[in-house]
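Engineer: Before we start, here is the structure in question, set down as structure tokens.
No lab work stands behind these numbers, since they all come straight from the coordinates. Here the structure is a predicted model, which is why all the values come from computation and not from measurement. Cβ atoms come from the backbone with ideal geometry, glycine included; neighbour counts cover every protein chain shown.
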Amino acid sequence: MIPRILNHPIVQIAASAAVGISVLAVVFPHYFPYPLSSFSNYANQLMLLLLMGGLFCLLLRQPRLTFLCFAGSAVLCLFLKNNNNSEGINRWRAHLAPERVVVKSLPASPSHFRVAHINLSNVSDIDSTLKALRNCGAGLISVHELDPMWEMILQDELAEDYPFQEFYVDIGLYGMGIISKYRLAGIDTLFFEGVPALRTAISVDGQDLRLFSIHSEPLIHETARQKLLHQLDALGAIISNDSLPSLIFGEFNLVTWSTELQEFCKNAGLHESRNGFMHYVSKGIGSLWETPFDHIFFTSPLQVEAFSNFMEPGSGKRLGIIGDYQVQNGITYVE
């Protein structure tokens, strides 16, 4: 019964159209209206679905549909390989086979520190989240979607652990703050067509570092995308002209392999902390469809040592991301 249905010309034409449009919407999202353009956010999942669809059609002896699904999956594989940060892939390979990689660096004792970034709108249990923040070991925490209630909570509950706090409070999307164990060298609020960004600096073991906290509005129409492009262009120019090593964190509403983010990193000389997609299934199989739009970028001579999701204790809900970094002023090479 199923083979007969799959062999019907209308079914094969419909399947070809669906696969073709989906793949083209991933590779060329700017030529498609929303929500088709959002398919690019799910390139990993679509690639896996086409691979499984090809195996299913192979079992049912459907050569045309098998070729169609495998071809679509192959195109997406090439697209992701071309648009993902190669440094992240190399770090992932080194993590899988650490015994094959020996890293030698100077100086022998670099400065290490941890940075966390969370979106407060993801919080379901305030007490467990505050406990997780106290115990995460981060010297610096970036918070987004900060409202007046959260400002009071963070000031009251975390002032002892994080005495240096700067906030930009907003009742909408753009509330943000930086809480730190390191002294913050003032705070600048930069505005890009009404969208704020925070800029400050810290000193870690005598090494000055520039910090940027960035937010963008959801890309649900072309106007929002153009606004984000202007924001990233302006920020890229500021970051590339800054003499200090920089950390840039926040909600970009873009995936790692997006053209906009790739151009931003290239123009500003940034490196991506995330190794690939970083799936997590703590909330069941449905969480595989949740796409990470939060990122932490860095410039040389900073290096990332570890990077993972920041989870809420108990519920297992993803709050954000956390990374370990080192300031490495010496020469690093791999044998």
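Engineer: Ordered by residue, what ³J(HN,Hα) values in Hz, to whole numbers, does the stretch 115-124 give under the Karplus form 6.51 cos²θ - 1.76 cosθ + 1.60, where θ = phi - 60° and Gly and Pro are x?
Structural biologist: 10, 10, 9, 10, 9, 5, 5, 7, 6, 10
Engineer: How far is helix 222-240 tilted, in degrees, relative to the longest principal axis of the Cα atoms in the chain, given as a value from 0 to 90 rounded to the nearest 10?
Structural biologist: Approximately 40 degrees, to the nearest ten.
Engineer: Quick one: order Thr291, Thr189, Thr299 by neighbouring beta-carbon count within 10 Å, fewest to most.
Structural biologist: Numbers: Thr291 17, Thr189 12, Thr299 20.
Least to most surrounded, the residues fall as Thr189, Thr291, Thr299.
Engineer: I've got another one for you. At 0.36 nm per residue, and after removing the present C-alpha to C-alpha distance, how many nm does the segment from Lys131 to Leu78 gain when stretched out fully?
Structural biologist: Numbers: separation 53, 0.36 × 53 = 19.08 nm, distance 4.23 nm.
Additional length available on full extension: 14.8 nm.
Engineer: Then there's this: Pick from Met47, Met152, Met176 the residue whose mean-square fluctuation is largest in a GNM of the chain, springs joining Cα atoms under 10 Å.
Structural biologist: Top of the fluctuation ranking is Met152.
Engineer: Any chance you could give the angle, 0 to 90 degrees and rounded to 10, that helix 63-83 forms with the longest Cα principal axis of the chain?
Structural biologist: The angle comes out near 20 degrees.
Engineer: Residue-wise, which Karplus ³J(HN,Hα) couplings in Hz belong to the stretch 24-33, taking 6.51 cos²θ - 1.76 cosθ + 1.60, θ = phi - 60°, and x for glycine or proline?
Structural biologist: Couplings: 5, 5, 6, 6, 10, x, 6, 8, 10, x Hz.
Engineer: Tell me what the chain gives for mean residue ellipticity at 222 nm when only DSSP H runs of n ≥ 4 count, each as -39,500 (n - 2.57), the sum divided by the residue total, rounded to 500 deg cm²/dmol.
Structural biologist: Details: 9 runs with 124 residues, N = 335.
Here the helix-only value at 222 nm equals -12000 deg cm²/dmol.
Engineer: Between Phe67 and Asn267, how many nm apart are label points set 7 Å from Cα along the C-beta direction?
Structural biologist: So the label points at Phe67 and Asn267 sit 4.2 nm apart.
Engineer: Next question, about the same structure. Report the extension gain between Ile153 and Glu305 in nm, rounded to one decimal, defined as 0.36 nm multiplied by the number of residues separating them, less their alpha carbon distance. Mind dumping the intermediate values first?
Structural biologist: Working: separation 152, 0.36 × 152 = 54.72 nm, distance 3.10 nm.
The Ile153-Glu305 span can extend by a further 51.6 nm.
Engineer: I've got another one for you. Who wins for biggest fluctuation among Ser16, Ser273, Ser180 in a Gaussian network model of the chain, springs between alpha carbons below 10 Å?
Structural biologist: So, out of Ser16, Ser273, Ser180, the one fluctuating most is Ser16.
Engineer: Over the stretch 2-83, what is the relative contact order in whole percent, taking alpha-carbon pairs under 8 Å and six or more residues apart? Please report the intermediate quantities before stating the final value.
Structural biologist: Working: 76 pairs, mean separation 24.5, N = 82.
In percent, rounded to a whole number, it is 30.
Engineer: A further question follows. In percent, what relative contact order does the chain have, based on Cα pairs under 8 Å that are 6 or more apart in sequence?
Structural biologist: Values: 572 pairs, mean separation 61.9, N = 335.
Answer for the chain is 18 percent.
Engineer: Explain nothing, just compute: Karplus ³J(HN,Hα) = 6.51 cos²θ - 1.76 cosθ + 1.60, θ = phi - 60°, for every residue of the stretch 313-325 in order, whole Hz, x for Gly and Pro.
Structural biologist: Listing the rounded values in order: x, x, 7, x, 6, 7, 9, x, 9, 8, x, 9, 10 Hz.
Engineer: Only counting other Cβ atoms within 10 Å, I'd like Leu209, Leu58 sorted with the fewest neighbours first.
Structural biologist: On the way: Leu209 24, Leu58 15.
Least to most surrounded, the residues fall as Leu58, Leu209.
Engineer: Sticking with this one: What is the chain by shape, rounded, prolate or oblate, if you read a ≥ b ≥ c off the alpha carbon gyration tensor as root eigenvalues and call it rounded for a/c under 1.5, prolate for a/b larger than b/c, and oblate otherwise? Walk me through the numbers on the way to the answer.
Structural biologist: Details: a/c = 1.93, a/b = 1.66, b/c = 1.16.
Because a/c hits 1.5 or more and a/b exceeds b/c, the chain counts as prolate.
Engineer: Pull out the extension gain between Asp242 and Glu222, defined as 0.36 nm times the separation in residues minus the alpha carbon to alpha carbon distance; nm, one decimal.
Structural biologist: On the way: separation 20, 0.36 × 20 = 7.20 nm, distance 3.04 nm.
This chain segment gains 4.2 nm when fully extended.
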